[in-house]
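Student: Shown below is the structure under consideration.
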Amino acid sequence: MSLILPKRTLSRRQLLQLSGLSGVGFLLGGCGTNLFSDNLRQISEPLNQSLEALLLSQKPVPEFPVSAIEVDKLLINTFDFTPQIDPAQFRLKIDGEVSNPMQLSMGDIQKLPLASMVIRHVCVEGWAAIVQWGGVRLRDLVALVQPKSNVRYVYFKSADGYYESWDLASAVHPQTLMAYQKNGQPLSADNGAPMRLASPIKLGYKQSKWVTQITFVSNLLPLKGYWEDQGYEWFAGL
Amino acid sequence: MTSAKHKARSTPSQTFLSKTFHWINIISLILMITSGLQIYNANPVFGGREGWHFPDFMLLGGWLGGGRNWHFTAMWLFSLNLLWYGLYIFVTRRWQRRFADGGDLKALQVSQNPKRKNYAWHRLVYTAIIPVLLLAILSGLAMYKPAQLHWLSGLFGSWQTLRTVHFITVPTVILFTIAHSLLALKVGSIRLVKSMFL
């Protein structure tokens, strides 16, 4: 069997067109390309996200030994400022399309089972750090508030104005935590105290710090997340 | 090379599919490298944020988010192009004739004919780039989905090693492009180069 097609040649004009195309990459680098890369995103993001949703499994991602923790590698990123929150005053509000909306104090949360994991935290910028996180499984909070059957997404609001949204399947993954400990210590303000999202299955920008409100919804809103609304991918699955 | 039995000097010719693969490979590699360097600059593999950054004219996407959108779109073009080409050379058995083999290695060691040696080098170099491109895909996947493809990421050891292996594609492809162009000119002059592009 042969796949060889009839011989064809390109004209000089076609060659020039093609070589122009390959030069486009260099030209676009310099000028404002956000518009064009947003168009590209509309093509590839649905494809890439459906692949990521397909790859997602509820099986825990293998963890690292405590000896592998990289204390210095977790860099601090914030989009604005670092809120200082009094843990005694802090309340986590859980609402939206749920049967039992509630407000939990840190005391209430710490009475729930403590889950600990040593996982790789991967930043969109390319760096990664092996970190231990301790906290309550988000799925345990989900079980408490009982989302209605039409709920498919979860919004997270932070004290600094940051906002994020997740697919429900990733939110109830057994390693998605509302963490209040890092590397065996209480969480510091820089890392999101009193409570932040932590998970091995999403990029760092999905893992909101200083979370004050969790809202269950059936549809995504026009605002999907601080960085997603600037052009990052929404699913951001690892 | 075409069969030269009946002609004293044959004109080199390439199949339409080979030329298509070659063109798409060049374009997609330019997109992958320029958008990849944009991502690199967000946190350089060597030295982190304090490390050396690539100049703007080498970058595609305008910012990290734009670079990622380009990279994760062009990855389909790049890898699917390589995939159908792999099937093509397998089905047509071109892999047996068009790539470096034992004869080329032997020629490099014992041949007294400089033309035969150049030809062997040429075939060896363009054959060697294929595993480099496959490694770029594997190391890229290992970084793209380190949780779901943890078995693949684990093969590379540390994250820094993984990033380095993926990045090494860039200087390797640039050096390859230079060597491949020079060898093609040496082996078949501009006629051979034209046969692949036109």
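The values are calculated or read from the model by the stated rules, or taken from the named source; none is laboratory data. From a predicted model like this one, the values you see are computed outputs, not experimental measurements. Every residue, glycine as well, gets a Cβ built from its backbone with ideal geometry; the counts of neighbours run over all protein chains shown.
Student: Tell me, which residue of the range A:86-123 that is over 23 Å from the mean Cα position of the chain (by Cα) and among the aliphatic types (A, V, I, L, M) is nearest to residue A:172 (Cα to Cα)?
Tutor: Among them, the one singled out is A:112.
Student: Considering B:116, B:123, B:93, which residue is within 14 Å of chain A (Cβ to nearest Cβ) and among the basic types (Lys, Arg)? Give the steps one after another, and end with the answer.
Tutor: Working: B:116 fails: within 14 Å of chain A (Cβ to nearest Cβ); B:123 fails: within 14 Å of chain A (Cβ to nearest Cβ).
Exactly one of B:116, B:123, B:93 is within 14 Å of chain A (Cβ to nearest Cβ) and among the basic types (Lys, Arg), namely B:93.
Listed here are the residues, each with its yes/no results for (1) touching a Gly at 6+ places or on another chain (Cβ under 8 Å); (2) farther than 26 Å from residue A:229 by Cα.
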residue	(1), (2)
B:31	yes, no
B:45	yes, yes
B:51	no, yes
B:70	yes, no
B:73	no, no
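Student: Next question, about the same structure. Restricting to the range B:77-104, name every residue that is among the charged types (D, E, K, R) and either closer than 30 Å to residue A:43 by Cβ or surrounded by 15 or more Cβ atoms within 10 Å (Cβ to Cβ) (or both).
Tutor: As a first pass, look at the range B:77-104 and keep what is among the charged types (D, E, K, R): B:93-94, B:97-98, B:101, B:104.
Correct list: B:94, B:98, B:101, B:104.
Student: On the given criteria, is residue B:115 exposed (fewer than 15 other Cβ atoms within 10 Å of the Cβ) and of a type in the set (Lys, Arg)?
Tutor: Details: exposed (fewer than 15 other Cβ atoms within 10 Å of the Cβ): yes; of a type in the set (Lys, Arg): yes.
Criteria met by residue B:115.
Student: Quick one: which of B:77, B:59 is within 14 Å of chain A (Cβ to nearest Cβ) and modelled with pLDDT under 95?
Tutor: On the way: B:77 fails: modelled with pLDDT under 95.
Result: B:59 is the single residue among B:77, B:59 that is within 14 Å of chain A (Cβ to nearest Cβ) and modelled with pLDDT under 95.
Student: For the range B:41-56, state whether one or more residues are assigned to a helix (DSSP H, G or I) and buried (at least 19 other Cβ atoms within 10 Å of the Cβ). Reasoning before the result, please.
Tutor: Keep residues of the range B:41-56 that are assigned to a helix (DSSP H, G or I), which gives B:41-42, B:48-50, B:56.
After this cut, where a residue has to be buried (at least 19 other Cβ atoms within 10 Å of the Cβ) as well, the list is B:41.
Within the range B:41-56, one or more residues are assigned to a helix (DSSP H, G or I) and buried (at least 19 other Cβ atoms within 10 Å of the Cβ).
Student: Residues that are surrounded by fewer than 21 Cβ atoms within 10 Å (Cβ to Cβ) and assigned to a loop (DSSP other than H, G, I, E, B): does the range A:131-147 have at least one?
Tutor: So far as the range A:131-147 goes, yes, one or more of its residues are surrounded by fewer than 21 Cβ atoms within 10 Å (Cβ to Cβ) and assigned to a loop (DSSP other than H, G, I, E, B).
Student: On the basis of being in contact with a Ser or Thr (Cβ under 7 Å, 6 or more places away or on another chain) and in a loop (DSSP other than H, G, I, E, B), does residue A:77 make the cut? Can you show your working first?
Tutor: Values: in contact with a Ser or Thr (Cβ under 7 Å, 6 or more places away or on another chain): no; in a loop (DSSP other than H, G, I, E, B): yes.
When the stated conditions are applied, residue A:77 does not pass them.
Student: If you don't mind, there's one more thing I want to ask. Identify, from the list B:66, B:36, the residue that is within 7 Å of another protein chain (Cβ to nearest Cβ) and closer than 23 Å to residue A:205 by Cα.
Tutor: Numbers: B:36 fails: within 7 Å of another protein chain (Cβ to nearest Cβ).
Answer to the check: B:66.
Student: In this structure, does residue A:161 turn out to be under 21 Å from residue A:125 (Cα atoms), touching a residue at least 40 places away in the same chain (Cβ under 8 Å) and of a type outside the set (Asp, Glu)? Break it down into steps so the answer makes sense when it comes.
Tutor: Details: under 21 Å from residue A:125 (Cα atoms): no; touching a residue at least 40 places away in the same chain (Cβ under 8 Å): yes; of a type outside the set (Asp, Glu): yes.
Considered against the rule, which asks whether it is under 21 Å from residue A:125 (Cα atoms), touching a residue at least 40 places away in the same chain (Cβ under 8 Å) and of a type outside the set (Asp, Glu), residue A:161 comes out as no.
Student: Answer yes or no: is there a residue in the range A:121-130 that is in a loop (DSSP other than H, G, I, E, B), more than 9 Å from chain B (Cβ to nearest Cβ) and buried (at least 17 other Cβ atoms within 10 Å of the Cβ).
Tutor: Keep residues of the range A:121-130 that are in a loop (DSSP other than H, G, I, E, B), which gives A:123-127.
Then drop every residue that is not more than 9 Å from chain B (Cβ to nearest Cβ), which leaves none.
Looking through the range A:121-130, none of the residues is in a loop (DSSP other than H, G, I, E, B), more than 9 Å from chain B (Cβ to nearest Cβ) and buried (at least 17 other Cβ atoms within 10 Å of the Cβ).
Student: Follow-up. May I ask you to list the residues in the range B:159-195 that are loosely packed, with under 14 Cβ neighbours inside 10 Å and over 27 Å from residue B:13 (Cα atoms)?
Tutor: Matches in the range B:159-195: B:161, B:171.
Student: Could you please find all residues in the range A:81-120 being of a type in the set (S, T, N, Q) and assigned to a helix (DSSP H, G or I)? Step through it out loud before you land on a result.
Tutor: Filtering the range A:81-120 for residues of a type in the set (S, T, N, Q) gives A:82, A:84, A:89, A:99-100, A:103, A:105, A:110, A:116.
Across the range A:81-120, the qualifying residue is only A:110.
Student: Could you look through the range B:139-158, keep only residues that are assigned to a helix (DSSP H, G or I) and surrounded by fewer than 19 Cβ atoms within 10 Å (Cβ to Cβ), and pick out the one that is nearest to the other protein chains (Cβ to nearest Cβ)? Can you show your working first?
Tutor: Restricting attention to the range B:139-158, the residues satisfying the condition of being assigned to a helix (DSSP H, G or I) are B:139-144, B:150-155.
So of that shortlist, the ones also surrounded by fewer than 19 Cβ atoms within 10 Å (Cβ to Cβ) come out as B:141, B:150-152, B:154-155.
Numbers: B:141: 11, B:150: 5, B:151: 9, B:152: 12, B:154: 8, B:155: 13 Å.
Here the residue is B:150.
Student: Scan the range A:181-229 for residues that are among the β-branched types (Val, Ile, Thr) and either within 14 Å of another protein chain (Cβ to nearest Cβ) or out of contact with any Asp or Glu (no Cβ under 7 Å at 6 or more places or on another chain) (or both) and jot them down.
Tutor: Once the filter is applied, which keeps residues that are among the β-branched types (Val, Ile, Thr) and either within 14 Å of another protein chain (Cβ to nearest Cβ) or out of contact with any Asp or Glu (no Cβ under 7 Å at 6 or more places or on another chain) (or both), the range A:181-229 yields A:201, A:211, A:212, A:214.
Student: Tally up the residues in the range B:14-24 that are in a helix (DSSP H, G or I), of a type in the set (S, T, N, Q) and either surrounded by fewer than 18 Cβ atoms within 10 Å (Cβ to Cβ) or facing chain A (nearest Cβ under 7 Å) (or both), please. Steps first, please.
Tutor: Restricting attention to the range B:14-24, the residues satisfying the condition of being in a helix (DSSP H, G or I) are B:16-24.
Of the ones still in play, those that are also of a type in the set (S, T, N, Q) are B:18, B:20.
Now restrict to residues that are either surrounded by fewer than 18 Cβ atoms within 10 Å (Cβ to Cβ) or facing chain A (nearest Cβ under 7 Å) (or both): B:20.
Total satisfying the criteria: 1.
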